[in-house]
Amino acid sequence: MDGICVWWIGENEPESGMIDHVQIHVERAFDVPVRIISDPARPEGTLDARRRQHASGRVLKWLLEKGPPGAKVLGVTDVDLFIPILTFVFGEAQLGGTAAVVSTARLKEPLPVSDPRLVVERLAKEAVHELGHAMGLVHCATPDCAMGRSASVRDVDSKRGSLCGSCKAEIRARAAGGSS
Amino acid sequence: MSNENIKVLVIDDEEIVRESLGGWLEKDGYTITLMPDGMSALEYLKTNAADILLVDLKMPGIDGLQVLEEAKRLQPAAIVVIMTAYATVDTAVSAMKLGAYDYLVKPFDPEELSLMLEKIVSQQALRHENDVLRKALKRDWGFHDLISKSPAMQKVFELSRVAAPSASTILILGESGTGKEVLARAIHAESPRSGGPFVAVNCAALTESLLESELFGHEKGSFTGAVARRKGKFEAADGGTLLLDEVGDVSPKLQLELLRVLEERKFHRVGGNEPIQVDVRIVAATNRELMKLVADGRFREDLYYRLNVIPITLPPLRDRREDIPLLVERFVEGLAVELQKPIEGVTPEAMAALMAHAWPGNVRELRNVLERGAVVAKTKLIDVADLGLPAASDPSAPAVQPGTLEDVERHYIEDVLAQTGGNVTQAARILAIDRVTLYKKIRKYGLRRGAGEEDAAAEGGVEIRNAR
């Protein structure tokens, strides 16, 4: 694997230290070099006017086109993301693919979040979670594992930002050319 | 979490919805199949199993409710969730009535979808576990078509298993409706004679001369009406098993003839001279107290001992009430198929009433009560009112409506038969008429005589039947 790139693609400036925090967590979780992209390009045509949300599928498509070849790319944004069947998503990834995206928009709920560090923690966990999908992992039932399902901020808060042993083994097996 | 064994079918005409839902569920590890319309989904379901169906309500061609209805018919165990962009109470009610598990309004809240699927999966897992357990229990508790977990019945099964392979005569004792014929069939099936015929004769249903001819056959011209030679049941059962049901009602003359056959394994057709030898295993059954009949001089002692080689007594249902839930489940399953009605069980109140009833007609009566309940029930569960059980003590039971004398007679016979659980001998005794007369009246009025022949496979068996 040619590593992972983390790219801020939000409308506003990211909070200070946030992207670095994500970088550290992702690096630790997958044990691969993680690079930060600081390209000012931003996805276009992703806004659904009726829903006033951004289609995460379209963001993924944009990341695939614009991302560096050979590496997995994680877009980090502050816009509210959705997939057509759901009211919102924290993020989305191509299962076993290249691109993943996470948003801080819904991680701030329920408003107001008293501790801003909490949002950064949640973001790091979801970054690992979506990149895990891009590595081919499905949801995991091991308590605390970052690949646990994230249907609500409660789900996010109840897990850690790292992968459990079996998810790590699954990634190693996939990297070795098979699936466990 | 291993969801890969759970097959989810997403049916939606909007590709973007299909793909996004499929993609989301795929990350939960489910095995996903996407279908663009109802027709292709139903085609798919004809040959492929699905555990969960997520079906869009509004689709061109076959809509979601039609898919739901047909899918439930094709795969009753599948869980169907209806999805719609337009929630109306009417469609929600229709969907639930048709057996939908739930109703989701698009777009869904991720948590709502997750929790619902989690619930379905755990319920499915529980159901699967229950099925496996139930099957295991039935295997342990069953003896062919009989089922029981009561210690008394387990002893009956044990004895039957041991006795079946031998050629010895078996005497089955028990009240009517306890399943004597079903046990006789089970013993036959368990015996080395299972490839041979099983023939049952109801000794109480015929007059002496008719029964004699029925058992032994007759030669042409042996009596008025004997226009051709006819083989009897002993010959018909050659190589197999002959059930002499209600043997306690056999006349003294025929008792002697039966004794001879049992001793010599030979007999003569009525009007015949040639002795006929047969290889028949005799199983006799009666609801009478044979010892008492012997003491009263109404049953030959020597015949009694010939028959009473291996006695097996079936306990009445009131002495094995713990079996009622098991039997209810068995009968409800069968009735749902027979009546093609989605009956799933009985309400707790109905079960309480079933447990409390005295069951004079035993298992057969239970089956008949459940059949009535299944026919009358308006929901998937049979309720206490559907059963039509008499109140514990109901002196104000409705009197017969004014009508013709025949109406009154028909109703009265019906009531007495219901009380005796369809036992004609007992009913005849209560009515103080002979059995043949009662049989004629039953035929005349077209009355139900309890379980029919087709119930022979069900526990409770058939005790009332015309010897053929």
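Each value in this text was obtained by applying a stated rule to the coordinates, not by laboratory testing. From a predicted model like this one, the values you see are computed outputs, not experimental measurements. Glycine gets a Cβ as well: all are built from the backbone with ideal geometry, and neighbour counts include every protein chain shown.
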>> Given points 7 Å out from each Cα along the Cα-Cβ axis, report the B:Asp238 to B:Thr47 separation in nanometres with one decimal.
In response: 5.1
> Kirkwood hydrodynamic radius for segment B:61-107: how many Å is it when counted over pairs of different Cα atoms?
Replying inline: 10.7
> When the Cα atoms of segment A:133-180 are enclosed in a convex hull and the volume is divided per residue, what value in Å³ results?
Replying inline: 67
>> Please report the spacing between the Cα centers of segment B:1-41 and segment B:294-336 in Å, no decimals.
In response: 54
>> Please list, short to long, the whole-number percent of alpha-carbon pairs of chain A in consecutive 5 angstrom bins beginning at zero.
In response: 1, 9, 18, 23, 22, 16, 8, 3, 0, 0
> Past the 20 Å Cα-Cα mark, which pairs from B:Lys119/B:Lys341; B:Lys155/B:Lys180; A:Lys66/B:Lys106; B:Lys341/B:Lys378; B:Lys97/B:Lys341; A:Lys108/A:Lys159?
Replying inline: B:Lys119/B:Lys341; A:Lys66/B:Lys106
> Which GluC sites (Glu not before Pro) does segment B:245-315 hold that lie in a coil by DSSP with at most 14 other beta carbons within 10 Å?
Replying inline: B:Glu289
>> About the Cα centre, and with charges only on the beta carbon of Lys, Arg (+1) and Asp, Glu (-1), how big is the dipole of chain B? Nearest 20 debye, please.
In response: 2360
>> Antiparallel versus total DSSP beta bridges in the protein assembly as shown: what percent is that, nearest 5?
In response: 20
>> From Cα pairs below 8 angstrom and at least 6 apart in sequence, can you work out the relative contact order of segment B:265-326, rounded to a whole percent?
In response: 16
>> From the mean inverse distance of alpha carbon pairs (Kirkwood) and the Cα radius of gyration, derive Rg over Rh for segment B:63-199.
In response: 1.26
> So, in nm, how far is label B:Ala385 from label B:Lys440 when the simple model puts each one 7 Å beyond its Cα toward the Cβ?
Replying inline: 4.3
>> Net charge around B:Lys444, counting only other residues with Cβ within less than 12 Å of its Cβ (Lys, Arg = +1; Asp, Glu = -1)?
In response: +2
> Projected onto the charge dipole of the protein assembly as shown (+1 at Lys/Arg Cβ, -1 at Asp/Glu Cβ, origin at the Cα centre), which of B:Gly232, B:Ile324, A:Ile9 gives the Cα projection farthest towards the positive end?
Replying inline: B:Gly232
> Which whole number gives the average, over all residues in A:147-155, of C-beta atoms from other chains lying within 10 Å of the residue C-beta?
Replying inline: 4
> Expressed as a whole number of Å, what is the distance separating the alpha-carbon centroids of segment B:223-292 and segment A:78-134?
Replying inline: 85
> So what is the orientation-averaged projected area of segment B:185-319, using the convex hull of its C-alpha atoms, in nm²?
Replying inline: 9.1
> Based on Cα positions only, what radius of gyration and what Dmax would you give for the protein assembly as shown, in angstroms?
Replying inline: 36.6, 116
> Can you give the extra length, in nm with one decimal, that the chain gains between B:Val376 and B:Glu264 once fully stretched, where that is 0.36 nm per residue apart less the Cα-Cα distance?
Replying inline: 35.0 nm
>> Just to verify a number: FRET efficiency for A:Leu118 and A:Ala141, C-beta to C-beta distance, R0 = 35 Å, to 0.05?
In response: 0.90
>> Using the Cα centre of the protein assembly as shown as origin and beta-carbon charges of +1 (Lys, Arg) and -1 (Asp, Glu), tell me which of A:Thr77, B:Thr241, B:Ser122 is placed farthest towards the positive end of the dipole.
In response: B:Thr241
>> At 7 Å along Cα-to-Cβ for each site, give me the label-to-label distance between B:Lys119 and B:Asp296 in nm.
In response: 6.3
> Placing +1 at every Lys and Arg Cβ and -1 at every Asp and Glu Cβ, with all other atoms neutral, what dipole size does segment B:75-181 have around its Cα centre, in debye to the nearest 20?
Replying inline: 500
>> Debye calculation, C-alpha points only, no solvent: report log10 I(q)/I(0) for segment B:126-227 at q = 0.17, 0.19 Å⁻¹, in the same order as the q values.
In response: -0.91, -1.02
> With a sphere of radius 11 Å drawn around the Cβ of B:Lys253, what net charge do the other residues whose Cβ falls strictly inside it have (Lys, Arg +1; Asp, Glu -1)?
Replying inline: -2
>> If the reach is capped at under 15 angstrom between alpha carbons, list the aspartates and glutamates near B:Lys441, excluding any in the same chain fewer than eight residues apart.
In response: B:Glu406, B:Asp407, B:Glu409, B:Glu414, B:Asp415
>> Which one, B:Leu370, B:Leu354, B:Gln277, projects farthest toward the positive side of the charge dipole computed for chain B from Cβ point charges (K/R +1, D/E -1)?
In response: B:Gln277
>> Looking at chain B, identify the longest residue range that excludes and avoids all chymotrypsin sites (Phe, Trp or Tyr not before Pro) in DSSP loops having at most 14 other Cβ atoms within 10 Å.
In response: B:224-468
> Counting Lys and Arg as +1 and Asp and Glu as -1, each charge on the Cβ, what is the dipole of segment B:102-236 about the Cα centre in debye, to the nearest 20?
Replying inline: 620
> Quick one: what does P(r) look like for chain B with 10 Å bins over all Cα pairs, in whole %?
Replying inline: 4, 17, 22, 19, 15, 12, 8, 4, 1
>> Give the aspartates and glutamates reachable from B:Lys220 as a straight Cα distance under 20 Å; neighbours fewer than 8 places away on the same chain don't count.
In response: B:Glu208, B:Glu212, B:Glu235, B:Glu274
>> I'd like the mean, over residues of B:19-29, of how many other protein chain beta carbons sit within 10 Å of each residue's own Cβ.
In response: 6
> What average number of partner chain Cβ atoms lie no more than 10 Å from the Cβ of the residues making up A:84-95?
Replying inline: 6
>> Can you give the local net charge around A:Arg122? Use residues other than it whose beta-carbon is closer than 12 angstrom to its beta-carbon, Lys and Arg +1, Asp and Glu -1.
In response: +1
